[in-house]
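Quick notes on the structure that follows.
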Amino acid sequence: MKRLILSLISLAIGVTLFIWLSNSIGWRQIRNILSQLSIFEVIFLIFLSFLSAFLGVERWRVILAEKGYYFTLKDLFSHYLASFSITYLAPLVIIGGEVFKGYVLNSRKENSTSLEKGLGASFIDGIFEHGSEWIIVALGLFSSFLLVKNPFSFEQLFVIFIVIFLIVGFSWYILFKKKSLIKLFFGVGEENQIRRIEKEILTFFRIKNKFFQKAIVLSFAKIIVRLFQCWVLVQFLGFHISIFTALFILGASTFFMAPPVSADIGTHDFGSAILFYELGMGQEVGLVFASIFRVLNLILSIFGIFFLIRFGFSFLKEKILGIIERISLLGFKK
């Protein structure tokens, strides 16, 4: 109930911010920019969104193969989109998408996974997904040095780089040195279901693991697709930019989408409006840019929602939210 209330509050704030920003800029200006897009350009942008999702599904399939489970892309695609819809539309349900992916495979009548391996594979995929986002943000900040008009001061960039370095360094220490977060922070060392899931995660991250190497390649391929989509969208909106400017825009946009607001409404729009204004393209272009990306993500989410409806909301309530509570509370018995 608390998460639902917080989700509604954050959504209301985001919608209010979006409406205020749109009214300030002017709906006519927004319509004029949108009218520049052709049907072919819209279809191409949708294609790139599905291509990015396809690479994500393939990465998840590779991770599951390392755990001894072999699925086709067809088997996993609907599950992946359903998980994406949970994460995108209900971001305050922490790790909800990952838990759904693990449980939906465990509940299959045929070729079902064990709960520990299924959840472990889902969390590994989540680590790659969120790790890729941090890489995009870091590359975006690095590319800002190559821009003639850098919106950040040296001091701001230095602080941000230090924060990213600490996060990456700590993640490397945990994953590749096989250090238990549960034992480190909670002092729980005995074997239980949570520890077994954690072991499934840690054993995957080995440099010589060919499945790990494939997952790395697929993650960078997905980053390239997202970068190309960002560059293409700005071109379609009437501005010719370099790949470094596109990388900076993508990195900043990824950072603006970090707050847990449903469909990134408000935060992404506000940040993009400021960003595009500073880059000399106009705040109205930034607002349209963020809105188009939201529509593309909502298209993926709609497909995922269809699967969620078919799968049943009872499963979501009884299984997913239950495990989230157990994980968040860490109900260990020493």
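The values are calculated or read from the model by the stated rules, or taken from the named source; none is laboratory data. Nothing here was measured: the structure is a model prediction, and the numbers come from that model. Here the Cβ is made from the backbone with ideal geometry for all residues, glycine too, and neighbour counts use every protein chain on show.
Looking at Phe123, Phe84, Phe77 in this structure, which one is buried (at least 18 other Cβ atoms within 10 Å of the Cβ) and closer than 19 Å to Glu198 by Cβ?
Phe123
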Confirm whether Val148 is of a type in the set (Val, Ile, Thr), out of contact with any helix residue (DSSP H, G or I) (no Cβ under 7 Å at 6 or more places or on another chain) and at pLDDT below 70. yes
Selection count where residues are in a helix (DSSP H, G or I) and without any contact (Cβ under 8 Å) to a residue 60 or more places away in the chain, scope region 44-79: 10
Of all residues in region 228-241 being of a type in the set (A, V, I, L, M, F, W, C) and touching a residue at least 24 places away in the same chain (Cβ under 8 Å), which is farthest from Ser52 (Cα to Cα)? Phe239
Residue pairs, Cβ under 6 Å, 6 or more apart or interchain, first in region 198-224 and at negative phi and in a helix (DSSP H, G or I), second among the acidic types (Asp, Glu) and at pLDDT below 95. List them. Glu200/Glu116; Phe211/Glu66
Would you be able to say whether some residue in region 261-276 is among the acidic types (Asp, Glu) and modelled with pLDDT of 85 or more? yes
